[in-house]
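Read the structure below first, then the notes.
The values are calculated or read from the model by the stated rules, or taken from the named source; none is laboratory data. If you're wondering where the values come from, they're calculated on a predicted model, not measured in any experiment. Glycine gets a Cβ as well: all are built from the backbone with ideal geometry, and neighbour counts include every protein chain shown. Side chains included, ligands, DNA and RNA excluded: accessible areas come from the protein's heavy atoms. Shrake-Rupley method; radii C 1.70, N 1.55, O 1.52, S 1.80 Å.
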Amino acid sequence: MKLILLGPPGAGKGTQAKRLQESYSIIQLSTGDMLRAEVDSGSALGAQAKEVMESGELVSDELIIKMISSRIDKDDCKAGFILDGFPRTTPQAEALDVMFDEKGLKLDCVIEMQVDDEAMVERITGRYTCSACGRGYHDSFKKPDVEGVCNKCGGTEFSRRADDNAETVRSRLQAYNEQTAPIISYYGNKGILKSIDGMAAIDDVTKQMKDLIG
Ligand code: AP5
């Protein structure tokens, strides 16, 4: 199964992709996570992406397309994957079509997560993750069971993303509305677009997705 999760920053793409990954044994491919790993590794690609990401703008189509094309050739993608954060522009969506044709792959479904922009600022500025295992939390919506201790690994160090401040979030929302929202109709015209209510509680959003996927 090959899926795309579409939605603005904070829509819950990463949260739901991780859940679908576990339920369907398919892998989450987050271009944001891949870029952050490049930044952390100190690679040339990471150096190129760092400043762009921290400003809330989009990294170049060429770089992202190359990165995703080589990633989906890896063995762990054979059983299927969930694209989280890609495509994000019309050229990326068109390049993905060409890529799938060349690799003999078929896109099963594009799920659009419909949310309210203003609520996304609160979701993103309250988000943090366990530094040891990456489990995600939120100041209001998803706290660890024991304050300051990760539910998954017991870690006590947490971190916040450099681009998760109110000012950058607004630039990211603007980039989404100007550059990414147009691809909703791109997939609508292909007849593979489904929409869900991303403002519902996290478990309910998962249920809506599973009902769609079957
Ligand atoms: P990326 O990492 O993809 O960030 P994003 O799209 O801005 O999305 P987020 O990760 O912020 O949000 P999400 O939808 O995954 O929400 P989450 O599940 O975490 O990209 C970062 C940057 O990299 C970009 O700005 C760009 O520069 C670059 N980049 C990446 N891909 C690119 C591409 N293809 N082309 C060009 N540049 C690219 O949830 C958010 C919070 O809300 C969490 O705390 C969560 O617990 C909570 N939450 C989730 N769902 C709910 C719910 N239903 N109710 C209440 N709280 C919820």
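Given contacts defined as C-alpha pairs under 8 Å and at least six residues apart, what's the relative contact order of the chain, whole-number percent?
Numbers: 295 pairs, mean separation 63.8, N = 214.
Reported as a whole number, the value is 30 percent.
Which FRET efficiency, nearest 0.05, do Leu212 and Ala47 yield, Cβ-Cβ r, R0 35 Å?
The calculated FRET efficiency here is 0.35.
For segment 155-214 and segment 27-98, write down the distance between their C-alpha centroids in whole Å.
16
Between Asp117 and Lys142, what length comes free when the chain is fully extended (0.36 nm per residue of separation minus the Cα-Cα distance, one decimal in nm)?
Working: separation 25, 0.36 × 25 = 9.00 nm, distance 1.95 nm.
Full extension of this stretch gives 7.0 nm more.
Could you give the C-alpha radius of gyration of the chain expressed as a fraction of 2.2 N^0.38 Å, taking N as the number of residues it contains? Walk me through the numbers on the way to the answer.
Working: Rg = 16.7 Å, N = 214, 2.2 N^0.38 = 16.9 Å.
Cα Rg divided by the expected 2.2 N^0.38 Å: 0.99.
With +1 on the Cβ of every Lys and Arg and -1 on the Cβ of every Asp and Glu, and nothing else charged, how large is the dipole of the chain about its Cα centre, in debye rounded to the nearest 20?
Dipole about the Cα centre, nearest 20: 560 debye.
Enumerate the amide H contacts of Lys2 below 5 Å, restricted to partners 5 or more residues apart or on another chain; note that Pro and chain-start residues carry no placed amide H.
Here Phe81, Asp108, Cys109 satisfy the definition.
Where in segment 55-160 are there GluC sites (Glu not before Pro) that are in a DSSP coil and have at most 16 other Cβ atoms within 10 angstrom of their Cβ?
Details: sites: Glu57, Glu62, Glu94, Glu102, Glu112, Glu118, Glu122, Glu147, Glu157; in loops: Glu57, Glu147, Glu157.
Within segment 55-160, the qualifying GluC sites (Glu not before Pro) (loop, at most 16 other Cβ atoms within 10 Å) are Glu57, Glu147, Glu157.
Under a 1.4 Å probe, what is the accessible area of the chain per residue, stated in Å²? The partial results should precede the final answer.
Values: 10780 Å² over 214 residues.
With all protein chains present, the chain gives 50 Å² per residue.
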